[in-house]
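J.: For reference, the structure I am asking about is given below.
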Amino acid sequence: MSRNPDDPGDAGDPGDRRHSGDPAPKPRVLSRRVSWFLLAFGVWSWFIWITFVKNLWQDAGGLAFEDGEPTGYFWVHLLLAVTSFALGTAIGVIGWRGLRALRGGRA
């Protein structure tokens, strides 16, 4: 027998707090170890990918540039680097915020 979520007499999922009047769950705080790991990953990501982009730009093997023009190899790897910069930044910011929350006593 399937439940009808629109039926007010149907309790639905026992873990569903929308109808019970219980307060919202408290936000989770990252541990110090996890926060440092995420921050270190973000910094490492920037270091690695900046080095990679420098090497890509100075490519002497002919993979990235052909007759002075960027190749598909160049564009694909530049897109990978930009994506990794964005993800590394987001992950590092999460770690930074986790550390700030722990330091501020919001744990």
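J.: What are the ³J(HN,Hα) values, in whole Hz, obtained from phi via the Karplus relation 6.51 cos²θ - 1.76 cosθ + 1.60 with θ = phi - 60°, for each residue of the range 26-31 in sequence order, with x given for Gly and Pro?
T.: Once rounded to whole Hz, the list reads 6, x, 7, 10, 6, 6.
J.: Please list, in order along the range 48-57, the HN-Hα scalar couplings obtained from phi with the Karplus expression 6.51 cos²θ - 1.76 cosθ + 1.60 (θ = phi - 60°), rounded to whole Hz, x for Gly and Pro.
T.: Working through the residues one at a time gives 5, 6, 5, 4, 4, 5, 4, 5, 5, 5 Hz.
J.: Just to be sure I understand the model, the point goes 7 Å from the Cα along the line to the Cβ. What's the resulting Leu79 to Ala101 distance in nm?
T.: Label at Leu79, label at Ala101, 3.4 nm between them.
J.: Taking H as built 1.01 Å from N, whose amide H comes closer than 5 Å to the amide H of Phe65, not counting residues under 5 places away?
T.: Thr71
J.: So if I average 1/r over every pair of distinct C-alpha atoms in the range 57-107 and take the inverse, what Kirkwood radius in Å does that give?
T.: About 13.5 Å for the range 57-107.
Bear in mind these aren't lab numbers, they're just calculated from the coordinates by the rules spelled out. Just so it is clear, the structure is predicted and the values come from calculations on it, not from any experiment. All Cβ positions, even for glycine, are placed from backbone atoms using ideal geometry, and neighbour counts span all protein chains on display.
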